[in-house]
Amino acid sequence: MITSRIFARLEKQYGAEASSVSSLLEEAEYRVFHEAAEEKITAAVVILADGSVDTLLGAIELMETDWRDLLNAADLAHVDWPSRLGDIFGTS
């Protein structure tokens, strides 16, 4: 499930397509984890995509290949990841 703060970022970056992007992310999470992913994994995809559909697809592919590499690429693999999410997405 996409959290409200991540969905707000999707609306900002993708406008009217935010719901479609959200569905795409949720489908990818279920393919990889067989359930909704942790917020930081979804956030990592959104951070890397930065509003680009092509980059979004690449970030999803990276999540499907190795989600730990995704977290590293988005600088969310460290202990301070919650504060980084707060800085980028605001408080939950």
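The values are calculated or read from the model by the stated rules, or taken from the named source; none is laboratory data. The shown structure was predicted, so the numbers you read here are calculated from the model rather than taken from an experiment. Glycine also receives a Cβ, built like all others from the backbone with ideal geometry; neighbour counts cover every protein chain displayed. When the accessible area is computed, the model is the full protein with side chains, heavy atoms only, and any ligands, DNA or RNA have been set aside. Shrake-Rupley method; radii C 1.70, N 1.55, O 1.52, S 1.80 Å.
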Scan of the range 21-52 for residues that are more than 18 Å from ILE88 (Cβ to Cβ) and either surrounded by 14 or more Cβ atoms within 10 Å (Cβ to Cβ) or among the polar types (S, T, N, Q) (or both), ordered by number: SER23, LEU24, GLU26, ALA28, GLU29, VAL32, ALA36
Looking only at the range 22-46, and only at residues there that are among the small types (Gly, Ala, Ser) and not in a helix (DSSP H, G or I), the one that is farthest from ASP75 (Cα to Cα): ALA36
Tally of residues being open to solvent by less than 50 Å² (accessible area, probe 1.4 Å), without any contact (Cβ under 8 Å) to a residue 60 or more places away in the chain, on the phi < 0 side of the Ramachandran plot and not aliphatic (A, V, I, L, M) across the range 1-20: 2
